[in-house]
1. Exactly one of these conditions fails for Gly33: (1) on the phi < 0 side of the Ramachandran plot; (2) without any contact (Cβ under 8 Å) to a residue 60 or more places away in the chain; (3) not basic (Lys, Arg). Give me its number.
2. State which residue is nearest to the chain's Cα centre (by Cα) when the search covers only segment 100-125 and only residues that are surrounded by 16 or more Cβ atoms within 10 Å (Cβ to Cβ) and at pLDDT below 95.
3. Looking for something closer than 18 Å to Ala59 by Cβ, without any contact (Cβ under 8 Å) to a residue 12 or more places away in the chain and within 20 Å of the chain's Cα centre (by Cα) - is there at least one such residue anywhere in segment 258-265?
4. Kindly list the number of the only condition in (1) more than 22 Å from Arg132 (Cα to Cα); (2) free of Cβ contacts under 8 Å to residues at least 60 places away in the same chain; (3) open to solvent by 90 Å² or more (accessible area, probe 1.4 Å); (4) touching a Lys or Arg at 6+ places or on another chain (Cβ under 8 Å) that fails for Arg273.
5. Inspect segment 70-83 for any residue being open to solvent by 30 Å² or more (accessible area, probe 1.4 Å), within 19 Å of the chain's Cα centre (by Cα) and basic (Lys, Arg) and give the result as yes or no.
6. Check segment 44-60 and report whether any residue there is closer than 20 Å to His179 by Cβ and within 19 Å of the chain's Cα centre (by Cα).
7. Determine, yes or no, whether Gly95 is over 27 Å from Asp137 (Cβ atoms) and open to solvent by less than 10 Å² (accessible area, probe 1.4 Å).
8. Would you call Ala167 open to solvent by 30 Å² or more (accessible area, probe 1.4 Å), in a helix (DSSP H, G or I) and either closer than 27 Å to Asp24 by Cα or touching a residue at least 40 places away in the same chain (Cβ under 8 Å) (or both)?
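The values are calculated or read from the model by the stated rules, or taken from the named source; none is laboratory data. Computed from a predicted model, the values in this text were never measured in an experiment. Note that each Cβ is placed from the backbone with ideal geometry, even for glycine, and that neighbours are counted across all protein chains shown. Protein only, heavy atoms only, side chains kept; ligands, DNA and RNA dropped before computing areas. Shrake-Rupley method; radii C 1.70, N 1.55, O 1.52, S 1.80 Å.
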Amino acid sequence: MAKKDLRRLLRLPPGESVDLSAHDPAATPAAPGDKHTSLADAERMGEELAGLQERLWAASTAGDRRRVLLVLQGMDTSGKGGTVKHVIGHLNPSGCRIHAFKAPTGEELRHDFLWRVRRALPEPGEIGIFDRSHYEDVLVARVRHLVPPDVINSRYGKINDFERALAEDGVTLVKCFLHLSYDEQRRRLLRRLDRPDKRWKFAPSDIDERALWPAYQEAYELALGHCADPPWYVIPADHKWYRNWAVGRLLLEHLRELDPRYPESRFDLAECRERLLKET
């Protein structure tokens, strides 16, 4: 399968009915080869990603308001942080805005659920990355019964309006659901227990959350189905190397489509060159 087909392969079709069990978390669609080959391809992609990021930032200095927002959602251990490290690590940090959304603070709870999200949006020319996002308010809030069902249902429409407004303001939204299997999550949690350098990531409550796995899958299916414009990409996440390659490739394809350009110089090149050459 050609690389150019990746968006078509991973994009959820329009419609409100989503069945995550129909998607294989261990699949590797459109991968350039095995793990070694894909890691090498990801490194090559990194150079082009960095170049496009620089062009996007440069274009903003001339008034181009376009920017990119990568939304990463997934169950615990699906690799949101790892994706940020391996994909965004290729980019210039000064042109990125990374935000990891935790449980809302007291101040944030006094506002509309989108208030804290708006404050974290990328500026023109930037690439923003959300490690979790506004979707937590229809995921955790639904599973944990933090607000009444009618409030959850109203939030889908508010999210759609919010994302539509972002698009109208020049934001390219790339929404990735990191699709992890139940068994692979257990393996990753066990590795955290086995490795002293990983135990800081573990909490006993992680085991309690696993008991809610069916409820979370249902909540994700509803969110992905109700908020499908712009579309969601379902990223098989059982293989970390594939997850990183696929998200990097999707980001690259969207940036290529934007095709940002360096702005034209607004000064006399010949005059400036002559002045420099005359310096003693």
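1. Going through the list (1) on the phi < 0 side of the Ramachandran plot; (2) without any contact (Cβ under 8 Å) to a residue 60 or more places away in the chain; (3) not basic (Lys, Arg), Gly33 breaks only (1).
2. Phe101
3. yes
4. Here Arg273 clears every test but (4).
5. no
6. Scanning segment 44-60 turns up no residue that is closer than 20 Å to His179 by Cβ and within 19 Å of the chain's Cα centre (by Cα).
7. yes
8. Criteria met by Ala167.
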